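Peer 1: Questions regarding the structure given below will be posed in turn.
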Amino acid sequence: MNSVKDFEAKEVLKYFFEPRSVAIIGVSRHEGKPGYHVLENFVVNKEKGVFKGEIYPVNPKGGEILGLKVYRSVLEIPNEIEHAVIIVPAAIVPKVLEECGKKGVKAVTIISSGFSEIGNVELEEEVKRKAKKYGVRIIGPNGLGVFSPYTGVDTIFLPPFKKNGYGKELLSTPRPQKGYIALISQSGAFGISALDYTAGIGIGISKFVSYGNRIDIDEAPIIKYLGDDPSTRVITIYVEGIRRGREFMEACKEVTLKKPIIVLKAGRTSAGTRAAASHTASLAGSIQIYNAAFKQSGCIAADTLEALFDMAKALVFQPPAKGRNVAILTDGGGFGVISADMCEYLGLNVSTFSGKLQQKFEELKRKGDLPEFAATRNPIDVTGIATSEMYEISAELVLSSDEVDSLVVIALHHPATMHDDVADRIARVAEKYRKPVVAVDVGETDYARYLRRRFEELHIPAYPSPERAVKAVKALTEYGEYLKKRGVLEEYLKRWEPLSSLKRNNISIS
């Protein structure tokens, strides 16, 4: 595809995510079948008032499913169809696609598998020819399609609940809530697992695309579309191989000036490369070449699913860092040491504070605002008798200093003097300065989870280990350095708005 077609694909993506009508071709009456669950998703979201469009089930047998009339063909539907979801055996996809073309359908999601990923290249080429003939744009095949909690579009054929062999309902596997992170995934399995992960840890999603074999729409137009999407603040990508490298890089260079892009590239080893080829028919290529391309286009590289979303939530909540100087504030000296080690390992600076800043800390000790034996050279250790007030005073001092570009707050909840208002106090200070702040509370007890959640309710990303927090700071620093290199960091920071400010001023981002 050329840039003109990329522009057309970007424009047509609204029909995938915001259709006024959707036809689901290949619906089933039987729970457990993909065609049943996709229809169920739309019906449930329609009943909730989230999906606003019309739903048209299609199956050659006709009849009624979930209270809706079933049409024998998309051509029988009396009204216009903007988005069709195809869930039929691969061999009949070309016939169904031709009917969609005759109907004037603009956007088609093909969930069906059985194409080039298993060597069936000719059938995939036939689908391409049909699409080109009628000007139909395609996401898929061999993927999960699209999902948006904002519009209720959900083509994922996997159920939101799992039942045991006796039919008794067990634990739910819900979709993520509304949020600000978009996820593009070449792999359906990775995509659904990532959605399960984000739902479980409370991270919201704006848009999700699982494009499988990407016979038409691929990463470049999706990235450009998400670059203009007001509900997306960060774009995350899982990819095994990139077919149109130049177009991908051009799209990233354009969008990374407006919002961060984080890429998890699989197929980094010879074994991974072989697996990628058999999974999505991808040529994985040299990881060194990919990493150089990512860096040149402003993308941040992640190496695990956990790191992908640790970085993403940091970049959603916090502004990029102006430099590499990190301050560490803790009530546990050991974790201060671990954090300093991790910073240096990742190329960040934990420099000793200047004499001027040291004098200000000494004054706080003389006044009794900090313990006399507190360490204040960096890391700052307010010790096991720490209070929330000590954290607030120390954070104010370092964030107001030109010596500090970002702050890691290790607020261990264990001392009897520590309380949950530390999150509120840190958040108030952080909002005064356009410098990134991340939080840590180590532990998996109820209180540890509660305190991390409280930080995140106040838009301070929180982590269960200092290593993960420092990796997030590295992402904030890397993005800031890229923007500075492109000459737009100051402009970016001027227009950057904290989520708390957007919500306080009733500014809609959805």
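The values are calculated or read from the model by the stated rules, or taken from the named source; none is laboratory data. A quick note: this is a predicted structure, and the numbers were derived from the prediction, not measured. All Cβ positions, even for glycine, are placed from backbone atoms using ideal geometry, and neighbour counts span all protein chains on display.
Peer 1: If we scan the stretch 330-347, do we find a residue that is under 27 Å from residue 457 (Cα atoms), in a helix (DSSP H, G or I) and of a type in the set (Ser, Thr, Tyr)?
Peer 2: yes
Peer 1: Pull out all pairs, ordered by first then second residue, where Cβ-Cβ is under 6 Å, the residues are six or more apart or on different chains, the first lies in the stretch 295-309 and is modelled with pLDDT of 95 or more, and the second is hydroxyl-bearing (Ser, Thr, Tyr) and buried (at least 19 other Cβ atoms within 10 Å of the Cβ).
Peer 2: 298/256; 298/482; 308/236
Peer 1: So, residue 12, is that one of a type outside the set (Lys, Arg), modelled with pLDDT of 95 or more and surrounded by 14 or more Cβ atoms within 10 Å (Cβ to Cβ) or not?
Peer 2: The answer is no for residue 12.
Peer 1: Then there is this: Residue under question is residue 17, and the condition is that it be at pLDDT 95 or above and under 25 Å from residue 131 (Cβ atoms); does it hold?
Peer 2: yes
Peer 1: Let me confirm something: among 447, 482, which residue is hydroxyl-bearing (Ser, Thr, Tyr), closer than 16 Å to residue 323 by Cβ and touching a residue at least 12 places away in the same chain (Cβ under 8 Å)?
Peer 2: Among 447, 482, only 482 is hydroxyl-bearing (Ser, Thr, Tyr), closer than 16 Å to residue 323 by Cβ and touching a residue at least 12 places away in the same chain (Cβ under 8 Å).
Peer 1: Hey, any hits in the stretch 75-85 for a residue that's of a type outside the set (A, V, I, L, M) and part of a helix (DSSP H, G or I)?
Peer 2: Yes, the stretch 75-85 contains a residue that is of a type outside the set (A, V, I, L, M) and part of a helix (DSSP H, G or I).
Peer 1: A further question follows. With (1) over 17 Å from residue 333 (Cα atoms); (2) assigned to a loop (DSSP other than H, G, I, E, B); (3) of a type outside the set (A, V, I, L, M, F, W, C) as the list, and residue 363 as the residue in question, which single condition is left unmet?
Peer 2: For residue 363, the failing item is (2).
Peer 1: Follow-up. Return the residues of the stretch 47-66 that are buried (at least 16 other Cβ atoms within 10 Å of the Cβ) and under 25 Å from the mean Cα position of the chain (by Cα); say none if nothing qualifies.
Peer 2: Listed by number, the residues that qualify are 50, 51.
Peer 1: At least 2 residues that are more than 22 Å from the chain's Cα centre (by Cα) and closer than 22 Å to residue 259 by Cβ in each: list the helices (runs of 4 or more DSSP H) lying fully within the stretch 383-498 that qualify.
Peer 2: Passing ranges, in order: 421-432, 466-485, 489-495.
Peer 1: Quick check: is even one residue across the stretch 385-397 closer than 27 Å to residue 475 by Cα, out of contact with any Cys (no Cβ under 7 Å at 6 or more places or on another chain), surrounded by fewer than 22 Cβ atoms within 10 Å (Cβ to Cβ) and of a type in the set (D, E, K, R)?
Peer 2: yes
Peer 1: Residue 337 passes all but one of (1) in the same structural domain as residue 259 (by TED's automatic domain parsing); (2) more than 27 Å from the chain's Cα centre (by Cα); which number fails?
Peer 2: For residue 337, the exception is condition (1).
Peer 1: Among the residues of the stretch 9-50, which ones are in a helix (DSSP H, G or I) and either of a type in the set (Phe, Trp, Tyr) or under 19 Å from residue 97 (Cα atoms) (or both)?
Peer 2: Residues satisfying the conditions are 9, 12, 13, 15, 16, 17, 34, 35, 36, 38, 39, 42.
Peer 1: Name the pairs whose Cβ atoms lie under 6 Å apart, with the first residue in the stretch 134-163 and assigned to a strand (DSSP E or B), the second among the acidic types (Asp, Glu), and 6 or more positions between them or separate chains?
Peer 2: From residues that are assigned to a strand (DSSP E or B), the pairs are 137/216; 138/216; 147/154; 161/169; 163/169.
Peer 1: Determine, yes or no, whether residue 465 is surrounded by fewer than 23 Cβ atoms within 10 Å (Cβ to Cβ) and either in the same structural domain as residue 387 (by TED's automatic domain parsing) or in contact with a Pro (Cβ under 9 Å, 6 or more places away or on another chain) (or both).
Peer 2: Yes: the conditions hold for residue 465.
Peer 1: Then there's this: Suppose the filter is touching a residue at least 24 places away in the same chain (Cβ under 8 Å), in contact with an Asp or Glu (Cβ under 9 Å, 6 or more places away or on another chain) and surrounded by 23 or more Cβ atoms within 10 Å (Cβ to Cβ); does residue 498 pass it?
Peer 2: It is false that residue 498 is touching a residue at least 24 places away in the same chain (Cβ under 8 Å), in contact with an Asp or Glu (Cβ under 9 Å, 6 or more places away or on another chain) and surrounded by 23 or more Cβ atoms within 10 Å (Cβ to Cβ).
Peer 1: Let me ask another. Mind listing whichever residues of the stretch 112-158 are β-branched (Val, Ile, Thr) and surrounded by fewer than 16 Cβ atoms within 10 Å (Cβ to Cβ)?
Peer 2: Of everything in the stretch 112-158, those that are β-branched (Val, Ile, Thr) and surrounded by fewer than 16 Cβ atoms within 10 Å (Cβ to Cβ) turn out to be 118, 121.
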